[in-house]
1. Which of (1) touching a Lys or Arg at 6+ places or on another chain (Cβ under 9 Å); (2) of a type in the set (Asp, Glu); (3) open to solvent by 30 Å² or more (accessible area, probe 1.4 Å) is the odd one out, the single condition residue 268 does not satisfy?
2. When region 176-195 is examined, which residues are found to be assigned to a helix (DSSP H, G or I) and open to solvent by 70 Å² or more (accessible area, probe 1.4 Å)?
3. Could you give me the residue pairs with C-beta distances under 6 Å whose first residue belongs to region 62-86 and is more than 22 Å from residue 197 (Cα to Cα), whose second residue is of a type in the set (Phe, Trp, Tyr) wherever it lies, and which are 6+ apart or on separate chains?
4. So the check is Cβ under 8 Å with 6+ separation or different chains; which pairs have a first residue in region 220-240 that's among the β-branched types (Val, Ile, Thr) and a second one that's surrounded by 14 or more Cβ atoms within 10 Å (Cβ to Cβ) and assigned to a helix (DSSP H, G or I)?
5. Considering only helices (runs of 4 or more DSSP H) fully contained in region 220-295, which possess at least 2 residues that are touching a strand residue (DSSP E or B) at 6+ places or on another chain (Cβ under 6 Å)?
6. If the requirement is being within 20 Å of residue 137 (Cα to Cα), surrounded by fewer than 15 Cβ atoms within 10 Å (Cβ to Cβ), without any contact (Cβ under 8 Å) to a residue 60 or more places away in the chain and not aromatic (Phe, Trp, Tyr), which of these qualifies: 259, 249, 209?
7. Which number in (1) open to solvent by 20 Å² or more (accessible area, probe 1.4 Å); (2) in contact (Cβ under 8 Å) with a residue 24 or more places away in the chain; (3) in contact with an Asp or Glu (Cβ under 9 Å, 6 or more places away or on another chain) marks the one condition that residue 284 misses?
8. For region 182-206, how many residues meet the condition of being free of Cβ contacts under 8 Å to residues at least 24 places away in the same chain and closer than 16 Å to residue 138 by Cβ?
Amino acid sequence: MTPENHQRSIPKSTDVLGETLYSLRLNGIVYAKSELTAPWGIDMPPMAGKMMFHIVTQGRCYLRLTDHPLIELLPGDLALLPKGEGHCFYSEPSTACESFFDLPVKKLSERFELIHYGGGGKTTLLTCGVLSFDHVAGQKLISQLPSVIHMGNENGQLPKSLQPLLQLMAEEIVSLKTGGETVTANLADIIVIKAIRHWIEQSPSASHGWLAGLKDPKIGKALAVMHTQPEFTWTIDRLANKAGMSRSGFSARFTNVMGVSAKQYLTDWRMNLARMRILQSPISLIDLAEELGYSSEAAFSRAYKRVFGVPPLRQSHRAVRSED
């Protein structure tokens, strides 16, 4: 037997929720250590398509989003803003906020910043970060999350496994040792994914819709193959077989859990993949059609227009013009 015959094949993951979390593929844009002395207030602008987090390592502060109750952040607390919405955080709610871009910032490296700001009173230390993500599954996941996920250390909301990771990340940003950027980026990935996973497991909001489908032992299997093999000719019978269900039972369960039929979901998924490919890099429509399992450019274009209301070529031209 050849050596290849002795190698064990690695089975594909059946954890569709885990694969979706992995698909976030976060990329740290900037990490900041903030030393803030009361009174102070910072107005963070919205950052569409980005994710922000704040970790309090000393002192306390308050965070406010539009149409959201005021949040008090204490030592060890984590505030994750998955959708990059604008917000203010300050030493006291009555403090005026100054634009983040007007603050004195010291660049420590390409992605690390140090902020010293405030009136000289009590000190609050924050570790903050801005992350990006660029996968359809990641974008879909983020759309299902709340504006802010707050995990308090003192009230037991913060999982114990996160506590040493938050401390280690804060230490890395302070020390800036060799390889610190890599360590910090990987820690940020782990912290954010664990925080999102904890919210999904605990929140009643995740018990229906797309997130519920990811966790469903039957529907999740069908979603997994649609996500990983969108080019395959998936019929209801084939998807039902993957889910281990009858055709009628699968169709009814999928629509009940997901809110759309399996056929419509597959079309929407393919078209969102197509839109991302068009916006990211030049590609011919015939190649894109083949990648996504369409027999012709015309069939692909019709499906795209049904979903987005415009043909793919027009959207591609808009993207090119916006980049000029």
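The values are calculated or read from the model by the stated rules, or taken from the named source; none is laboratory data. Everything quoted here is computed from the prediction, not taken from an experiment. All Cβ positions, glycine included, derive from the backbone under ideal geometry; neighbour counts span all protein chains shown. Ligands, DNA and RNA are stripped out before the accessible areas are found, and what is left, the full protein with its side chains, is counted by its heavy atoms. Shrake-Rupley method; radii C 1.70, N 1.55, O 1.52, S 1.80 Å.
1. (1)
2. 182, 186, 190
3. Short answer, once both residue conditions are applied: 62/90; 63/89; 70/62; 72/62.
4. From region 220-240, the pairs are 225/239; 225/242; 228/19; 236/247; 236/250; 236/251; 236/262; 236/263.
5. Where helices (runs of 4 or more DSSP H) fall fully within region 220-295, none carries at least 2 residues being touching a strand residue (DSSP E or B) at 6+ places or on another chain (Cβ under 6 Å).
6. Within the list 259, 249, 209, the selection yields 259.
7. (2)
8. 0
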